[in-house]
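Worksheet for the structure shown next.
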């Protein structure tokens, strides 16, 4: 099975998103069918840019990404659980398109004031 997208920390397969080093002990697999909605967020110092892993907000979890301070855009995925994954792919446009197509989302709105992470 060929990957639709791959960077060091995130892979989009035909069936879902694989987030490497989501947990201290490993990865998280999210089927596209589990994604209820997604938000594209602009990163800032308090809104994800300074957080390379973890969270200061119990509603979100930022997967490991040492390159996050140099990025501008991230995604919050609503998967129906109390904690929403927060990811920052190297190519946000490509990942957004894949999520929209595979999860059947009409749009992924931009949230200029993303969560404090």
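The values are calculated or read from the model by the stated rules, or taken from the named source; none is laboratory data. Bear in mind that the values here come from a model prediction, so they are computed numbers and not experimental data. So basically every Cβ, Gly included, is an ideal-geometry build from the backbone, and we count neighbours across all protein chains shown.
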Filter segment 1-10 down to the residues that are in contact with a strand residue (DSSP E or B) (Cβ under 9 Å, 6 or more places away or on another chain) and assigned to a loop (DSSP other than H, G, I, E, B), then identify the one that is surrounded by the fewest Cβ atoms within 10 Å (Cβ to Cβ). 3
When residues of segment 11-51 are limited to those that are out of contact with any strand residue (DSSP E or B) (no Cβ under 6 Å at 6 or more places or on another chain) and part of a strand (DSSP E or B), the one surrounded by the fewest Cβ atoms within 10 Å (Cβ to Cβ): 26
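It is to be established whether one or more residues within segment 89-97 are in contact (Cβ under 8 Å) with a residue 60 or more places away in the chain, in a helix (DSSP H, G or I), surrounded by 14 or more Cβ atoms within 10 Å (Cβ to Cβ) and in contact with a helix residue (DSSP H, G or I) (Cβ under 9 Å, 6 or more places away or on another chain).
No, segment 89-97 contains no residue that is in contact (Cβ under 8 Å) with a residue 60 or more places away in the chain, in a helix (DSSP H, G or I), surrounded by 14 or more Cβ atoms within 10 Å (Cβ to Cβ) and in contact with a helix residue (DSSP H, G or I) (Cβ under 9 Å, 6 or more places away or on another chain).
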Identify the single condition in (1) modelled with pLDDT of 95 or more; (2) touching a strand residue (DSSP E or B) at 6+ places or on another chain (Cβ under 8 Å); (3) farther than 15 Å from residue 114 by Cβ that residue 93 does not satisfy, given that it satisfies every other one. (2)
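Looking only at residues in segment 63-88 that are part of a helix (DSSP H, G or I) and touching a residue at least 12 places away in the same chain (Cβ under 8 Å), which one is farthest from residue 5 (Cα to Cα)? Lay out the reasoning, then the answer.
Start the filter on segment 63-88 by keeping residues that are part of a helix (DSSP H, G or I), which leaves 68-70.
Applying the additional criterion that residues be touching a residue at least 12 places away in the same chain (Cβ under 8 Å) yields 68-69.
Details: 68: 18, 69: 21 Å.
So the residue we want is 69.
Report whether or not residue 60 is crowded, with 17+ Cβ neighbours inside 10 Å, touching a residue at least 24 places away in the same chain (Cβ under 8 Å), touching a helix residue (DSSP H, G or I) at 6+ places or on another chain (Cβ under 9 Å) and within 19 Å of residue 97 (Cα to Cα).
no
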Check on residue 112, surrounded by fewer than 18 Cβ atoms within 10 Å (Cβ to Cβ), within 11 Å of the chain's Cα centre (by Cα) and farther than 20 Å from residue 3 by Cβ: no
